[in-house]
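A.B. asks: One structure, pasted below without further comment.
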Amino acid sequence: MKVVVIGGGGREHALVWALKQSASVTEIVCAPGNAGIAAIARCEPVDVADLDALRLLAERERPSLVLIGPEIPLAAGAVNALSERGFRVVGPTKAAARLETSKAFAKQFMQRWNIPTARHVVCGTVAELTAALRDFPPQVVVKADGLAAGKGVVLCAGPEEAIQAAGAMFDGSLLGSAVESVVLEEMLSGPEVSFFAVCDGETAKTLAFAQDHKRVGEGDTGPNTGGMGAYSTDHLVTPEVAAWLEQHVAQRVVDGMKADGTPYSGILFTGLMMTHDGPKVLEFNTRFGDPETEAIVLRLETGLLEILEAIVERRVNRLAVRLKPGASACVIAASAGYPGKYTSGKAIVGLEEAHHEAEIFHAGTAAKDGVIVTAGGRVLAVSAASADLPDALARVYRAMSRVHFEGMQFRRDIGWRAQGK
Ligand code: AMP
Ligand code: GLY
């Protein structure tokens, strides 16, 4: 069977790697892919936001299955465009992807379907927000309504900050283009957990739990990034909480979206905060998470192909998702300067030696004159699984010590919460 994977980061490298484990997968095309993916699949250049280009690629390759990694093509309607042509595609339609692409839509949906989340108001002007602030405690969160690659959320210590943040979102100075509405919500506190569920429009089933590390600095300090590392263990939530979340969050999303006439199919990624009042949803993403996926794939006992086929064939109710017991972890090696302006084109050495200890998924790399060089803010996602988290992390960090490029930075404390440090 031939599979096309859309995307070209660490997540897609991990997904291609997982698909390769299946004997029924005979060919994988990744578009656009990267220098690491090119070692295990054929890469084809494509602009993932260009629906015509994606359609042409599918018509040329005639795959049995298409998996879309990033949010940009989902937001543009890639699933609609490809399934209209008869292709089997894993991912939500444009309407269903609104759970990620519009924070206002997601909040209103959760309110209507009684899914636990922070109290909120959608505001169309600074004046509306200023008035709404009177009904909130001083600490609030202001969120731009739209995809913002992690930059559209501002945690505010008081009303002044909230007014300033909303003003910068409306006038375009914060995100480069003006937003039409913002979501004001109460600030919650507690540990965060990423919850992944497999959905086919009818049924939602738990895939895995993971935790990522969004801040650039150790001890969760400094600016937010696309993710500096992640881990997955059996102990992130109790079996009771896991069952509760599957029923009261993931299955409710699927039931609500079906009732609304926009069935949800694909991977549902729920960002949760475990508060004193129970789990609350911070956000939905309508795809695999990055870098959580680079950790999770190493724990999959059920084949990724089997999971994806259950989605497109609408038989998730009969799918048994099994993970290997134990833990896995992923640490990101990033370029100097990331998440700000970063350097590129630096030669990466030690990749083979590092691979003796761990899987090295490429996030932002390119091949130049036969040498693998850095080509992104996040460069490598180094991952390992083991019987327990300390051992998985030890393997990852041993691999990290063998790989090098000029300016390489990484966090040495991934998994610190789970290890009680
Ligand atoms: P989001 O993109 O909505 O997940 O927000 C990004 C990050 O902002 C989350 O991972 C949280 O760390 C933080 N965050 C979002 N909403 C809240 C909230 N209501 N209270 C506290 N922190 C939040
Ligand atoms: N790990 C967060 C994301 O994929 O958006």
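The values are calculated or read from the model by the stated rules, or taken from the named source; none is laboratory data. What you are looking at is a predicted structure, and each value in this text was computed from that prediction instead of being measured. Cβ sites come from the backbone with ideal geometry, for glycine too, and all protein chains shown count toward neighbours. Heads up: the accessible areas ignore ligands, DNA and RNA and are worked out on the full protein's heavy atoms, side chains in. Shrake-Rupley method; radii C 1.70, N 1.55, O 1.52, S 1.80 Å.
A.B. asks: Pulled fully out, how much extra length does the chain show between residue 355 and residue 371, if you take 0.36 nm times their separation in residues and subtract their Cα-Cα distance?
C.D. replies: Answer, rounded to one decimal: 4.1 nm.
A.B. asks: Show that you can apply the helix-only estimate: for the chain, add -39,500 (n - 2.57) for every DSSP H stretch of four or more residues, divide by all residues, and state [θ] at 222 nm to the nearest 500.
C.D. replies: Computed ellipticity for the chain at 222 nm equals -7500 deg cm²/dmol.
A.B. asks: Right, here's the next one. What does the charge count near residue 177 come to, summing +1 for each Lys or Arg and -1 for each Asp or Glu among other residues with Cβ under 15 Å from its Cβ?
C.D. replies: Taking every Cβ under 15 Å from that of residue 177, the sum is -2.
A.B. asks: While we're here: Just by accessible area at a 1.4 angstrom probe, what is the order of 248, 404, 235, 362 from largest to smallest?
C.D. replies: The most accessible residue leads, giving 235, 404, 248, 362.
A.B. asks: Find the Rg to Rh ratio for the range 314-421, where Rh is the Kirkwood radius over alpha-carbon pairs and Rg uses the same atoms.
C.D. replies: That ratio is 1.07, to two decimals.
A.B. asks: A further question follows. Show which lysines lie in cross-link reach of residue 368 when reach means a straight Cα distance below 27 angstrom and same-chain residues fewer than eight apart are skipped.
C.D. replies: Here the lysines satisfying the reach criterion relative to residue 368 are 20, 341, 346.
A.B. asks: If you take every residue apart from residue 31 with its C-beta less than 11 Å away from the C-beta of residue 31, what net charge results, scoring Lys and Arg +1 and Asp and Glu -1?
C.D. replies: Residues near residue 31 contribute -3 overall.
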